[in-house]
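Visitor: Below is a structure I'd like to ask you about.
The values are calculated or read from the model by the stated rules, or taken from the named source; none is laboratory data. Computed from a predicted model, the values in this text were never measured in an experiment. We place every Cβ from the backbone using ideal geometry, glycine too, and count neighbours over all the protein chains shown. All accessible areas refer to the heavy atoms of the entire protein, side chains included, with ligands and DNA or RNA removed. Shrake-Rupley method; radii C 1.70, N 1.55, O 1.52, S 1.80 Å.
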Amino acid sequence: MVVIVGVVAAPNLNRPASSSTVFIRGADISFTLQEEGIGQSYSDNGQTAPLETILAGHGANYVRLRAWVDPPKGTSDLGSALALARRANAAGLRLLLDLHYSDSWADRTTQQTPAAWRSKTPDELGDIVHNYTRDVVAAFGRQGTPVDILQIGNETTHGMLWPTGQIYRKTGEDWSGYAALVMAGINGATEASQTKKPRIMLHSDTGGDQVASIYYFDHLLEQGVSFDLIGLSYYPFWHGALTGLQQNLHALASRYGKDIIIAETAYPWTLSSGGDVQSVVTSIEALPDAASFPPTPQGQAKYFEALNQVLRGVPNNHGAGYFIWEPGWLPGVPADSRTGNTHSNLTMFDWSGHGLPALDTFRPQGLPGS
C-alpha cells in the first residue's frame, strides 16, 4: 500500500519572488534544425539570432534534446542531437539528453520498441539498451558536449519498450521488466567515456497528480532502481492548476529527498492556432488559472514567473528547475509524417519568429521587478 504524505497549503501565486534562484532554466529545442530547414528564423528585440543564443541571452542555462533510435534522417536522430548539442555548448548551455528508446514518439500512450530490436528476448533487449545508452552518451562526450543529465525514457509512467517493459498488462502489473531495462540504461551510462558521469532522471507525466507520482516512484525504488532526479511533465491544460503541482512537489521532496525538475511545460500566448492544424488549447476553459494567467503574451509570461515561484518554494531547495517544451516550434514543421504541429500557440515566439515577453522568465530571478 502506498502512503500519501500530507497536503501542503495552496501557494500564494501573487507573493513577491524570493531571493533564491531556480538553478536549472532550460528549454527543449529538438525541432530547431527542422525549423531552420524550412527557412524559419528567430529574432529578439529586432535582432535575428540562433534560437539557443536568444535563450542563453535571456538567462537560460540548459537545453533538452531528444534522441530517437532509427527515425527518418534529420528528425530527432542522433546526428541532429549531436549538432544541436555543439551549438548549445558554444552558447554556454548544458545538456539534458532525453532518450526515448523508440523510433518515434514515446509517452504514456505509446512506448513502441524500435523496429530493429523487436525480435529480441528480454535479456537481449537489456543488453541492447545497455550498449545503446553507453554508446550514445559516449558520442556526446567525445565531441566535448557531455551529457549533464540523462533521461532514461520519456514519460515512462506505464513503462517503456513495450511489451517487455510494459507495466500495466491484461495479466496485471509487472514492474520488474521495466525496472530491468531502466537499470540496463543506467549501467550503460555509467560505462560511457565521459569525464563526469551524467545525473540520471526518471520521467513521469504526472505533474499535477500526487497520488500517481508517489505510486510510480515508490515502485521504482522498491525494484531497487537508483536515480538522481525526479522528472515530471506539467501542462496546466492537461494536469490542472498550479496549486496541484505545488502540492505534488512538496510531497515528493519530503518523501524522497531528491531534486525535482519540471521536464516539460508550456502555456499558450493565444488561443488561435497557427498553420492548418488546430492547437491542443483553443478554449479558455481548458486553463484552470486563466483568471491569473490569461492566454496572452503577458499572461504567458506571468504563468512562467508563477512556476518559478512554486519551484523556489519547494522544501530544502529541491525544486531544481524546469524545461519549457519546444518554445521555437513554429508552424510549418509537423510532429511526424502523420501529425502536424498542435502546439503552435505554446511557443515563446510569435508566428513570425519574434520573441515574446515570456523569454525574460529565464532570468535567474525571473521577470524584471518580480
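Visitor: Starting from residues that are more than 21 Å from Y322 (Cα to Cα) and in contact (Cβ under 8 Å) with a residue 24 or more places away in the chain, keep the ones in region 52-75 and report whichever is most open to solvent (accessible area, probe 1.4 Å). Write out each step before concluding.
Guide: First, the residues of region 52-75 that are more than 21 Å from Y322 (Cα to Cα): 68-75.
Subsequent filtering for residues that are in contact (Cβ under 8 Å) with a residue 24 or more places away in the chain retains 68-72, 74-75.
Values: W68: 13, V69: 42, D70: 109, P71: 18, P72: 93, G74: 28, T75: 35 Å².
Only one residue tops the list, namely D70.
Visitor: Now a separate question. Taking the stated definitions as given, is G321 farther than 29 Å from A189 by Cα, small (G, A, S) and either surrounded by 19 or more Cβ atoms within 10 Å (Cβ to Cβ) or modelled with pLDDT under 95 (or both)?
Guide: no
Visitor: Hey, another quick one. If R169 satisfies every condition in (1) at pLDDT 95 or above; (2) surrounded by fewer than 20 Cβ atoms within 10 Å (Cβ to Cβ); (3) over 14 Å from F227 (Cα atoms) but one, which is the exception?
Guide: Going through (1) at pLDDT 95 or above; (2) surrounded by fewer than 20 Cβ atoms within 10 Å (Cβ to Cβ); (3) over 14 Å from F227 (Cα atoms) one by one, R169 breaks only (1).
Visitor: Checking S80 against (1) of a type in the set (S, T, Y); (2) closer than 18 Å to P146 by Cα; (3) part of a loop (DSSP other than H, G, I, E, B), only one condition comes out false. Which one?
Guide: With (1) of a type in the set (S, T, Y); (2) closer than 18 Å to P146 by Cα; (3) part of a loop (DSSP other than H, G, I, E, B) applied to S80, the lone miss is (3).
Visitor: Also: Tell me which residues, restricted to region 198-216, are touching a residue at least 60 places away in the same chain (Cβ under 8 Å), out of contact with any Gly (no Cβ under 6 Å at 6 or more places or on another chain) and within 16 Å of T109 (Cβ to Cβ). Break it down stepwise before answering.
Guide: Of region 198-216, the ones touching a residue at least 60 places away in the same chain (Cβ under 8 Å) are 198, 201, 203, 205, 210-211, 214-215.
Add one more test, that the residue is out of contact with any Gly (no Cβ under 6 Å at 6 or more places or on another chain), and what stays is 198, 205, 210-211, 214-215.
Within region 198-216, just D205 meets the criteria.
Visitor: Right, something else. Please go through (1) surrounded by fewer than 22 Cβ atoms within 10 Å (Cβ to Cβ); (2) in contact with an Asp or Glu (Cβ under 7 Å, 6 or more places away or on another chain); (3) not in a loop (DSSP other than H, G, I, E, B) for L367 and return the number of the only condition it doesn't satisfy.
Guide: Result: L367 fails condition (3) only.
Visitor: Filtering region 266-286 down to residues that are open to solvent by 60 Å² or more (accessible area, probe 1.4 Å) and hydroxyl-bearing (S, T, Y), which residue is farthest from D350 (Cα to Cα)?
Guide: T282
Visitor: Shifting gears a bit: For residues in region 104-135 being open to solvent by less than 10 Å² (accessible area, probe 1.4 Å) and among the aliphatic types (A, V, I, L, M), which is nearest to G185 (Cα to Cα)?
Guide: V129
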